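Q: The structure is given below, and queries will be raised subsequently.
What follows draws every value from the coordinates through simple rules; no lab data is involved. What you are looking at is a predicted structure, and each value in this text was computed from that prediction instead of being measured. FYI the Cβ positions are ideal-geometry reconstructions off the backbone, even for glycines, and counts take in every protein chain you see.
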Amino acid sequence: MDLQIAGLEDLEERVGNALNRIGELQAGTRVHSDVFFSQPFMRDHTEFDSFAAFCDQSPWAFDDVADARDISRARLDEYVADRTDFETWEEMKTRAAEEEIIDQIVS
């Protein structure tokens, strides 16, 4: 039995956009922290309502994702493990990217 489905152009476009976003993130494209770490993401996976609150409560000057490069990885991972559902900063970033990309496809 052959099955043909029409009207998948919108889904094809969303998947294409998601693939482009994956490429951008892998290439190191700058992102706005509060968009990347959305409020729903922060509420679901951390004890904070926003990425700004996550930064404000940290024990160092930390205003943006780019500032994380200046923080000891061990200290940042410890903060993430203590205050989020993740064990490491890398795990938190990866999950945020996955959720953003999936959201692009689903919505």
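Q: Using the Cα atoms as the points, what is the convex hull volume per residue of the chain in Å³?
A: Output value, Cα hull per residue: 125 Å³.
Q: Relative to the longest principal axis of the chain, what angle (0 to 90°, nearest 10) does the C-alpha long axis of helix 73-83 take?
A: 80 degrees
Q: Another one. Say a site is exposed when it is one of the GluC sites (Glu not before Pro), sits in a DSSP loop, and has at most 14 other Cβ atoms within 10 Å; what is then the longest site-free stretch of the chain? Walk me through the intermediate numbers first.
A: Values: sites that count: E47, E87.
Longest site-free region, per DSSP loop and neighbour criteria: 1-46.
Q: Working from Cα positions, state the angle (0 to 90°, nearest 10) between the long axis of helix 9-27 and the longest principal axis of the chain.
A: It is inclined by approximately 30 degrees.
Q: Tell me the label-point distance for the pair R69, E90, using the 7 Å Cα-to-Cβ offset, in nm and rounded to one decimal.
A: It works out to 1.7 nm between the two label points.
Q: What is the gain in length, in nm to one decimal, between I105 and A81 on full extension, counting 0.36 nm per residue of separation less the C-alpha to C-alpha distance?
A: Stretched fully, the I105-A81 segment lengthens by 5.7 nm.
Q: In addition: In degrees, nearest 10, range 0 to 90: what is the angle between the Cα axis of helix 89-106 and the longest Cα principal axis of the chain?
A: So the inclination is approximately 30 degrees.
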